[in-house]
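The structure under discussion appears below in the form of structure tokens.
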Amino acid sequence: MKKILLSGIQPTGRAHIGNYFGAMKQFVELQNSLKYQCYFMIADYHGLNFVQNAEEMKDNISNLALDYVAIGLDSEKSVIFKQSDVPAHTELAWIFDTITTMPYLTRAHAFKDAELKNKEISVGTFNYPMLMAADILLYNTDIVPVGQDQKQHIEIARDTAEKFNRIFGETFKIPEALIIKNVAVVPGTDGRKMSKSYGNTIPLFAEDQEIEKCVMSIVTDSGSGLPENVYNIHKLFRPEAELIKIYADKAGKYKALKDILIEDIKTFISPIRERRNQLEKNKDSISEILKKGGEKAKSKTETKLLEIKKKIGVY
Ligand code: ADP
Ligand code: TRP
């Protein structure tokens with residue numbers, strides 16, 4: 001029996017190189033290792049906390065599905081699906097809500113951040129980790145490849161599985177996060193974590209001009225001589241042994257270093273962008289992938305949900 005792998009991304013905007021190196025690249029490598037039964041999800045109900053416009057949501061979903069296929073996710077090898085197509089996710093999230101306390105969830109980063117900023121958060125955002133726990137636990141998942149920022153969410157899923165098992169008897173497998181150390185947090189053009197919400201991204205499928213613009217905007221005043229932000233992004237695209245030499249040869253020449261980075265990013269992006277452009281001409285096949293994936297995922301969850309319902313006594 002193969003181990004089970006599940007991960008997801010929210011359809012909340014254009015994928016960036018932080019998403020790619022932090023998570024998506026691992027999706028493809030792990031899928032191709034053929035060691036796992038893989039589930040790759042578009043977390044649209046999570047995304048609904050941020051995107052509340054039907055047209056935008058629709059576009060984001062089909063764009064993310066295109067991204068998945070363009071980077072090499074393959075519906076012959078993996079189940080590629082949309083969270084909202086599998087009702088068991090929200091059903092199980094509710095069941096988890098009933099065994100989880102408010103104080104426990106107030107310790108989650110997303111909630112604490114919102115509180116610090118004095119933001120009023122939705123109940124959906126507050127409960128976000130419960131839906132994510134349901135996503136993961138429904139499939140008896142062994143590993144969850146993600147970036148560092150998702151570590152706490154996986155810990156919450158583990159705690160929730162243990163708590164349920166304690167109350168109702170052994171039901172859920174305890175999942176492990178898979179976080180690749182040197183790309184756990186990809187920096188953005190301003191040196192903070194690259195994130196859609198900070199406007200500091202380099203989009204994964206950026207056009208050449210956009211790549212130039214993004215790289216030129218990378219903040220360089222590091223003080224130490226080495227333009228750290230440029231270097232830290234550059235090391236995603238070229239081995240450090242080569243980079244050390246280049247950055248020594250061109251010490252202080254920020255424009256020249258940025259030009260090399262631009263070329264390296266273009267070399268990396270252009271083939272996947274080309275593939276994505278080709279795929280985009282046949283959007284129906286992408287919808288078909290999601291539809292079939294949704295059916296497969298749904299049938300997988302039905303047995304598990306039945307087991308859960310028996311355990312809690314509603315069946
Ligand atoms: P964003 O912060 O841009 O909204 P998401 O929350 O959609 O990104 O993240 C999708 C996946 O990409 C998650 O597994 C997350 O950990 C990973 N990820 C996002 N930003 C980064 C980053 N800067 N470095 C490493 N991984 C990241
Ligand atoms: N919370 C994740 C993010 O922001 C997305 C996500 C939702 C997810 N459900 C998941 C990731 C289940 C891994 C497993 O990136």
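The values are calculated or read from the model by the stated rules, or taken from the named source; none is laboratory data. Bear in mind the structure is a predicted one, so any value in this text is a computation, not a measurement. A quick note on method: Cβ atoms are made from the backbone with ideal geometry, for glycine too, and the neighbour counts reach across all protein chains shown. SASA here: full protein model, heavy atoms, side chains in, ligands and nucleic acids out. Shrake-Rupley method; radii C 1.70, N 1.55, O 1.52, S 1.80 Å.
Structure above, values below:
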{"quantity": "Relative contact order, percent, the chain [alpha-carbon distance under 8 Å, six or more residues apart]", "calculated": "23 percent"}
{"quantity": "Contact order normalised by residue count of segment 196-278, Cα under 8 Å, 6+ apart, percent", "calculated": "35 percent"}
{"quantity": "Segment 72-177: relative contact order in percent, alpha carbon pairs under 8 Å with at least 6 residues between", "calculated": "27 percent"}
{"quantity": "Scaled radius of gyration (Cα, divided by 2.2 N^0.38 Å) that segment 1-149 gives", "calculated": "1.06"}
{"quantity": "Debye equation applied to the C-alpha atoms of segment 117-220, log10 I(q)/I(0) at 0.15, 0.16, 0.19, 0.21 Å⁻¹", "calculated": "-0.80, -0.86, -1.00, -1.08"}
{"quantity": "Gaussian network model of the chain, springs between alpha carbon atoms under 10 Å - residue of 39, 231, 128 with greatest fluctuation", "calculated": "231"}
{"quantity": "Inter-label distance, nm, simple model (7 Å from Cα along the C-beta direction), residue 306/residue 209", "calculated": "5.7 nm"}
{"quantity": "Extension gain from residue 54 to residue 115, taking 0.36 nm per residue of separation minus the Cα-Cα distance", "calculated": "19.2 nm"}
{"quantity": "For residue 202, distant residues with modelled amide H under 5 Å away", "calculated": "17, 18"}
{"quantity": "For segment 229-315, alpha-carbon Rg over 2.2 N^0.38 Å", "calculated": "2.02"}
{"quantity": "Scaled radius of gyration (Cα, divided by 2.2 N^0.38 Å) that segment 196-278 gives", "calculated": "1.12"}
{"quantity": "³J(HN,Hα), Karplus 6.51/-1.76/1.60, whole Hz, each residue of segment 172-184, x for Gly, Pro", "calculated": "10, 6, 8, x, 10, 7, 10, 10, 7, 3, 6, 10, 4"}
{"quantity": "Full-stretch length increase - residue 167, residue 288 - with 0.36 nm per residue and alpha-carbon distance subtracted", "calculated": "39.5 nm"}
{"quantity": "Area of residue 288 that stays accessible when all protein chains are in place (1.4 Å probe, Å², to 10)", "calculated": "80 Å²"}
{"quantity": "Label point distance in nm, residue 99-residue 178, each placed 7 Å from Cα along Cα→Cβ", "calculated": "2.6 nm"}
{"quantity": "Expected 222 nm ellipticity per residue - DSSP helices of 4 or more, -39500 (n - 2.57), all of the chain, to 500", "calculated": "-16500 deg cm²/dmol"}
{"quantity": "Accessible-area order (highest first, 1.4 angstrom probe) of the listed residues 190, 135", "calculated": "190, 135"}
{"quantity": "Gyration tensor (Cα) of the chain, equivalent ellipsoid semi-axes in angstrom", "calculated": "37, 22, 18"}
{"quantity": "GNM top mover of 119, 151, 291 - the chain, alpha-carbon springs below 10 Å", "calculated": "119"}
{"quantity": "Probe 1.4 Å, protein heavy atoms only - accessible area per residue of the chain in square angstrom", "calculated": "50 Å²"}
